[in-house]
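Notes follow the structure.
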Amino acid sequence: MLLVVASISAFTVNSSKGYKVGDEASDFKLKNIDDTMVSLADYKDAKGFIVVFTCNMCPYSKANENRLIALDKKYKKKGFPVIAINSNDSEVSKGDSFEAMKVRAKEKGFTFPYLFDEGQEVYPKYGATKTPHVFILNKKNDKLIVEYIGAIDDSSRDENNVKERFVENAVDALLKGEKPTKTDTRAIGCSIKDKRRR
């Protein structure tokens, strides 16, 4: 019974709170692992963003780190950089402190910003519930429009078993000026740790 509950809790579709596809997303300003403050407005030449809520400790997040690096390397030069955000409360998830984020990013060779949502104000606005949870934003008339919400691909734990690359397909469509054919998928991962909701 516990196994069934645990399995169910690893899956989610976007909740009724937070952004839906087609909504305008607001910017944020969060501390990066290099101790600078980063906002999406800093990326003047970006066409959009691959915003990913992730963390240090979740096995699903760890299994997707190489994929995030590959996405950033592929799409940053095309105008869609990866922006990773850790929203876990470090008192609840001890391995998710800001200092631990610096260590993890260095170990893995992250090529993208890894931001700390210390006040846990950003993830509820987006409606992120899992790590990892992806939100693709597209710049339209100086607005950030949500074009995709969900998983990176169809294999949450094993990158060798990927058959459908949701994020790549969505960004490729946007770069062609088209709407993604798939805009919502099921995010699979660990719940975001918030001491207010224990």
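Where a number appears in this text, it was derived from the coordinates with a stated rule and is not lab data. Because the structure is predicted, anything quoted here is derived from the model rather than measured. Positions of Cβ are backbone-derived with ideal geometry, glycine not excepted, and every protein chain shown enters the neighbour counts.
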| message | 5 Å is the cut-off here: which amide hydrogens, built 1.01 Å from N in the peptide plane, fall below it relative to residue 117, excluding neighbours closer than 5 in sequence? | response | 86, 87
| Exposure proxy check: 75, 114 ranked by fewest other beta carbons within 10 Å? | 75, 114
| Residue-wise, which Karplus ³J(HN,Hα) couplings in Hz belong to the stretch 126-134, taking 6.51 cos²θ - 1.76 cosθ + 1.60, θ = phi - 60°, and x for glycine or proline? | 6, x, 5, 10, 10, 10, x, 9, 9
| note | Loop-resident trypsin sites (Lys or Arg not before Pro) in the stretch 106-165 with no more than 10 other Cβ atoms inside 10 Å, DSSP not H/G/I/E/B, are 163
| said: At 222 nm, what value in deg cm²/dmol follows for the chain if DSSP H runs of at least 4 each add -39500 (n - 2.57) and the sum is divided by all its residues, to the nearest 500? | reply: -7500 deg cm²/dmol
| Exposure proxy order (Cβ contacts within 10 Å, fewest to most) of 57, 101 | 57, 101
| task | Give me the distance in nm between label points sitting 7 Å out from Cα along the Cα-to-Cβ direction at residue 27 and residue 164, one decimal. | result | 3.5 nm
| query | List the GluC sites (Glu not before Pro) in the stretch 137-180 that DSSP assigns to loop (not H, G, I, E or B) and whose Cβ has at most 10 other Cβ atoms within 10 Å. Which are they? | reply | 178
| Which of (i) 38; (ii) 33; (iii) 49 is the computed percent of Cα pairs over 24 Å apart for the structure on display? | (ii)
| said: Report, in listed order, any pair from 140/163; 108/195; 20/139; 44/125 with a Cα-Cα distance greater than 25 Å. | reply: 140/163; 108/195
| query | Tell me, what ³J(HN,Hα) does each residue in the stretch 100-117 have, in order and in whole Hz, if you take phi through Karplus 6.51 cos²θ - 1.76 cosθ + 1.60 with θ = phi - 60° and put x for Gly and Pro? | reply | 5, 4, 4, 5, 4, 5, 5, 4, 8, x, 4, 9, 10, x, 10, 9, 9, 7
| task | List the aspartates and glutamates whose Cα lies under 17 Å from the Cα of residue 182, skipping any in the same chain that are fewer than 8 positions away. | result | 23, 147, 153, 154, 164, 168, 172
